[in-house]
Every structure is written in structure tokens, then in C-alpha cells.
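What follows is one structure encoded as C-alpha cells, with my remarks underneath.
The values are calculated or read from the model by the stated rules, or taken from the named source; none is laboratory data. Predicted, not measured: the structure shown is a model, and the values here were computed from it. FYI the Cβ positions are ideal-geometry reconstructions off the backbone, even for glycines, and counts take in every protein chain you see.
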């Protein structure tokens, strides 16, 4: 794979002892890859990523992997806050929800798979730590969004996807949504946190819980983005917890 060097000054040293254990995928939310590169290399913007992949599959390296790029911002995953310190960030050129969001082309996805495999070969990143920006910052971010093909990535050995028996028995409980509270909400929040999402112990389904549920749907159930938790969402979370080796209770 050919990598084009496009150095950005927007990086600093990782904290002493920090180990890369997370891969964060973004979209640029800009009209062109070149515009995104200019911004990511603008010292006044104070934002960057380790790599950017254009829609034609061209791969640009902006920040060396051993350095901390500034891509995650306020973020949390599996109890860790401030993911810049322990992550690699890859930006995918895409207009995003602000500028005419569209599917990610085959050439771009193929380049991402090749690059991600290289990154995973250099760093011990667990499969469930291959995440989207919206997973780690659900109240702030939408990317890479519901049009990103997480299933394709998982089938290439990168990340997890809740595939399974389509004839499963769906939970017959009514969906959970805004304003609900009680033991079912407590259990849902506990299970989402066990997988990785930033949720504490609480029995109320409030705005933050809804944001996390929508982030989960963007990643693992992109055909439904309504913020309510039904039996199909529950089944997919159970599959993910099993794949991650976590208890489901």
C-alpha cells in the first residue's frame, strides 16, 4: 500500500506508559479530501488524525503512530476517558451529515481494510475497540455514521458485528425509551457499559442514554435510528457481549 506523507503539526507526545489499544474511525464532514487535509494540517485548527483516506482510496499519513493525534476530543470507552492518548485515528473523506452524506466507495473501504490490518498488526487492539467517533462521544458526534459498512469491516477481521441466527427469539418486552425508568433500564445501561459505552449506574432513560442507544444503532443496527431499545437491539447487544467474552446479565 502506498502512503502519501502529508505532515501535520497538530500532535504531541503520548503520556508516559500509554499503549495504543483503540482504533477510532471518523468521517471528515467536509466537501473534499483536500479541504479536510488543509484543515487537519492547519495549526490554528488544533485538530488532526493519524491517517486520512480519500474517496478514491488514496491514503495520507498526517501524524506518526507513536505520537498523539488530536481527533477524539472529549471521549470515553470502556471506562477510559480522553481516547487521544491511547488510540489511532483514521479520517475517511466524506461530506458527512452536514454536506450531503453518502456511502463510502469501494476503493475507500478496500484501502481502509488494508490500512487497518496494518495498524492492528502493530498494536494489540481488541476487536471491540474498533469504534466510531459516535461510539466514544455519542452526544457530540455522528461519524462515521449509519452508511458506513461495519459488517464488511468485521468480515475482514476488523471489529465486531452481531451476526447470528436470524430465527432467534426476540424479547417480548415493550421497547424502552425516553422517560422510562426502573430495573430494565438499569440492566440495559449496565450491559451497554459492559460492552464499552460511557454509561454509569442509573435507572433512568434520559437524554444521555438515548444518545448512546442511537450511537449503538448507528454502528450495529443502522436500519433503525429512533433511539428506542427493542428486542432486536437487545439481541444484537447479547451477541456482541458474547463475542467480547462478557457476561450478559
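Some points to look at:
- Screening residue 64 with (1) in contact with a strand residue (DSSP E or B) (Cβ under 9 Å, 6 or more places away or on another chain); (2) surrounded by fewer than 17 Cβ atoms within 10 Å (Cβ to Cβ); (3) under 23 Å from residue 100 (Cα atoms) gives one miss only, at (3).
- Residue in the stretch 100-114 that is in contact with a helix residue (DSSP H, G or I) (Cβ under 7 Å, 6 or more places away or on another chain), under 18 Å from residue 33 (Cα atoms) and in a loop (DSSP other than H, G, I, E, B) present: no
- Test: residue in the stretch 33-41 that is closer than 27 Å to residue 147 by Cβ and touching a helix residue (DSSP H, G or I) at 6+ places or on another chain (Cβ under 7 Å): no
- Condition met for residue 237 (in contact with a helix residue (DSSP H, G or I) (Cβ under 7 Å, 6 or more places away or on another chain), in a loop (DSSP other than H, G, I, E, B) and not assigned by TED's automatic domain parsing to the domain that holds residue 96): no
- Test: residue in the stretch 85-99 that is touching a residue at least 12 places away in the same chain (Cβ under 8 Å), surrounded by 15 or more Cβ atoms within 10 Å (Cβ to Cβ) and assigned to a helix (DSSP H, G or I): yes
- Top-ranked residue of the stretch 4-32 - restricted to ones that are exposed (fewer than 13 other Cβ atoms within 10 Å of the Cβ) and touching a residue at least 60 places away in the same chain (Cβ under 8 Å), ranked as nearest to residue 150 (Cα to Cα): 19
- Criterion: more than 20 Å from the chain's Cα centre (by Cα) and closer than 22 Å to residue 129 by Cα - qualifying residue of 16, 42, 56: 16
- Test result for residue 198, surrounded by 14 or more Cβ atoms within 10 Å (Cβ to Cβ), in contact (Cβ under 8 Å) with a residue 40 or more places away in the chain and more than 23 Å from residue 127 (Cα to Cα): no
- Residues satisfying the stated conditions in the stretch 151-173, i.e. part of a loop (DSSP other than H, G, I, E, B), surrounded by fewer than 17 Cβ atoms within 10 Å (Cβ to Cβ) and modelled with pLDDT of 95 or more: 156, 157
- Of the residues contained in the stretch 178-187, one or more are found to be surrounded by 14 or more Cβ atoms within 10 Å (Cβ to Cβ) and either within 16 Å of the chain's Cα centre (by Cα) or not in a helix (DSSP H, G or I) (or both).
- Some residue of the stretch 125-139 being at positive phi, part of a loop (DSSP other than H, G, I, E, B) and crowded, with 22+ Cβ neighbours inside 10 Å: no
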